[in-house]
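Have a look at the structure below, then the notes.
The values are calculated or read from the model by the stated rules, or taken from the named source; none is laboratory data. Just so we're clear, the structure is a prediction, and the values are computed from it rather than from any experiment. Cβ placement follows ideal geometry from the backbone for every residue including glycine, while neighbour counts extend to all protein chains displayed. What goes into the accessible areas is simple: the full protein's heavy atoms, side chains included, and nothing from ligands, DNA or RNA. Shrake-Rupley method; radii C 1.70, N 1.55, O 1.52, S 1.80 Å.
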Amino acid sequence: MRCHTSTSLLSRRGSTSKLARANTPVFAATSVLAAKAVRQRRTMQQCAAAAEAPGVAGRAALLDRMRGALWGIFIADALSMPVHWYYSVTDLKRDFGEITDYQAPKARHPSSIMSLSNTGGHGRGGQAGRIIGDVMNHGKHEFWGVPNMHYHRGMAAGENTLNAICARVVMRGIAANGGKYDPALFLGDYVRFMTTPGSHNDTYAESFHRDFFRNWAAGVPPERCALGTEGHNTAQIGGFVMLPPVIMAAVAAAARASSSSGGSDAAAAAAAAQAVTHLRTTH
């Protein structure tokens, strides 16, 4: 595993199979998850070691790899947006053939269960709640109760989904704070972004967003809105999309303080800790 994203994201060959695999449920064994955690830690160590590389050329190479990884988030998200949650390769091929460029979502999604989702909080439920529509995802409530409605209904080809745009919120906050990640500043940015009408064009919002803002609308302070919402419905992979810039900020901090003790292991541990801190703000 590398700490940058290859331009193979733009490859025209094999796109369908890659996207289909990305949208296929995987029930991993504990040993597989443990192995993945080891690989992720090794990746952080490699990135941290690169941050300690002496000379301007080494730092420039690291910055280039970081840029590639961040671009990769948005390219991959926009490419896969129209086929999110397609669970049948047959359906995918019928509706899109091969994904070789940016495309808009179809009006009908064959695997959509958005009509079963709770618009007033996490998980499944009815559409009586108005967290969707009034508090966040303004103007989108009416689409949630329609069977087979596409999760990203109304989005244009090449647009990013809500989770990817939230990664941009994180990036802007880090940039505005001199390259440093601050969870309190992120929460302020997150609340302003999500509650501002017209801030994004996505119809769907995952459970962790909906439950956070159910609590926020009830008067819970932002730093406590994610407490007690862990479990199948909210502790989900969607929150991982925001982690790369958080981790990179820690790696960049290691580069700025390359004279500090501890080496790449300490830098990798700091990056992992910062990632967990961020994930807990919304999960």
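Listed conditions (1) among the polar types (S, T, N, Q); (2) open to solvent by 60 Å² or more (accessible area, probe 1.4 Å); (3) more than 24 Å from HIS150 (Cβ to Cβ) are all met by THR196, apart from (3). When TRP144 is tested against the conditions (1) under 20 Å from the mean Cα position of the chain (by Cα); (2) open to solvent by less than 50 Å² (accessible area, probe 1.4 Å), the lone failure is (1).
Only one of GLY188, GLY154 is under 30 Å from ARG67 (Cα atoms) and loosely packed, with under 15 Cβ neighbours inside 10 Å; which?
None of the others qualify; the one that does is GLY188.
Once the stretch 82-94 is narrowed to residues that are over 17 Å from GLY158 (Cβ atoms) and in contact with a helix residue (DSSP H, G or I) (Cβ under 8 Å, 6 or more places away or on another chain), the residue that is most open to solvent (accessible area, probe 1.4 Å) is LYS93. If you go through the stretch 158-167 and keep only what is in contact (Cβ under 8 Å) with a residue 60 or more places away in the chain and either under 17 Å from PRO197 (Cβ atoms) or open to solvent by 50 Å² or more (accessible area, probe 1.4 Å) (or both), you end up with GLU159, CYS166. Contact map, the stretch 84-109: residues that are assigned to a helix (DSSP H, G or I) paired with residues that are at pLDDT below 95 and surrounded by 18 or more Cβ atoms within 10 Å (Cβ to Cβ), Cβ distance under 8 Å, separation 6+ or inter-chain. Pairs shown: VAL89/ALA20; LEU92/LEU19; LEU92/ALA20. All conditions but one from (1) over 20 Å from the mean Cα position of the chain (by Cα); (2) open to solvent by 30 Å² or more (accessible area, probe 1.4 Å); (3) of a type outside the set (Gly, Ala, Ser) apply to ILE99; the one that does not is (2). Restricting attention to the stretch 116-135, the residues that are in contact with a His (Cβ under 8 Å, 6 or more places away or on another chain) and modelled with pLDDT of 95 or more total 5.
Sort out which residues of the stretch 118-134 are touching a residue at least 40 places away in the same chain (Cβ under 8 Å) and either touching a strand residue (DSSP E or B) at 6+ places or on another chain (Cβ under 7 Å) or open to solvent by 30 Å² or more (accessible area, probe 1.4 Å) (or both), and write them in order of number. Across the stretch 118-134, the qualifying residues are ASN118, HIS122. The single condition from (1) touching a residue at least 60 places away in the same chain (Cβ under 8 Å); (2) farther than 18 Å from ILE237 by Cα; (3) not in a helix (DSSP H, G or I) that LEU79 fails is (3).
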